[in-house]
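Scroll down for the structure; my scribbles are underneath it.
The values are calculated or read from the model by the stated rules, or taken from the named source; none is laboratory data. Quantities reported herein were computed from a predicted structural model and do not represent experimental measurements. Glycine gets a Cβ as well: all are built from the backbone with ideal geometry, and neighbour counts include every protein chain shown. The accessibility values were calculated without ligands, DNA or RNA, using every heavy atom of the protein model including side chains. Shrake-Rupley method; radii C 1.70, N 1.55, O 1.52, S 1.80 Å.
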Amino acid sequence: MASLSERFRDPRSTQYDFISSIMVRCPGCAKAARVIPAPEEDSAPGGPVLFRPRRLVCRGCGLSRVWSGRAVTFSHGTAHPATDPYFGMPLWLQVETRHGWLWAYDLEHLDLIRRFVQASLRERAPWYDTGQKMTLVARLPVWIKRAKNRDEILRAVSRIHASPAAA
């Protein structure tokens, strides 16, 4: 029987579960900045959480921008560096591998990827169970899911963790 460290059960997370605090490269100083939901007094009550106003804030240079648009563009694929869905800024937590770009919105997202890749036993929810079927884990590129790439992906995750703002 597999031990708990070797087993991964899909928590049914989606990309929407990780957009509350996105780490990006600041356009002003190129240090780590965050895209976070705007305070409640700035946003209209109700409406989808996805389209509520966001704020880009940088502790390094003090940059602050507000997004209150209607279009959100998620990065698809791994052929190019990923950007955040609101401001289009490059993500801070990303690294290029020989297969493509490995990226995460925040450290929690990166940890989910690490736990999935590290596990030798990867369990999905049963097909007959209700709920989300195409989870974030199910949508990962095939090269990340392949066991033969496990060591390379885990090294890439370690390189991302070693970045200054990720510590």
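Values for this structure:
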| quantity | calculated |
| --- | --- |
| At R0 = 45 Å, FRET efficiency that the Cβ-Cβ distance of Arg146 and Val66 yields, to 0.05 | 0.65 |
| Degrees, to the nearest 10: 107-118 long Cα axis against longest axis of the chain | 10 |
| Per-residue [θ]222 nm for the chain (sum of -39500 (n - 2.57) over DSSP H runs n ≥ 4, rounded to 500) | -5000 deg cm²/dmol |
| Two-site label geometry, Arg7 and Arg124: point separation in nm, points 7 Å out along Cα→Cβ | 1.9 |
| Cys29-Met134 pseudo-label distance in nm [points 7 Å out on the Cα-to-Cβ vector] | 4.0 |
| Rounded to 5, the percent of DSSP beta bridges in the chain classed as antiparallel | 85 |
| Mean accessible surface per residue for the chain, computed with a 1.4 Å probe while every protein chain stays in place, in Å² | 58 |
| On Cα atoms only, tilt of 150-161 relative to the major axis of the chain in degrees | 30 |
| Choice from Val142, Val35, Val66 with maximal GNM fluctuation in the chain (Cα, 10 Å cutoff) | Val142 |
| Portion, in percent, of the accessible area of the chain that falls on carbon or sulfur, probe 1.4 Å | 53 |
| Potential lengthening between Ser158 and Glu96 on full extension [0.36 nm per residue; Cα-Cα distance subtracted] | 21.1 nm |
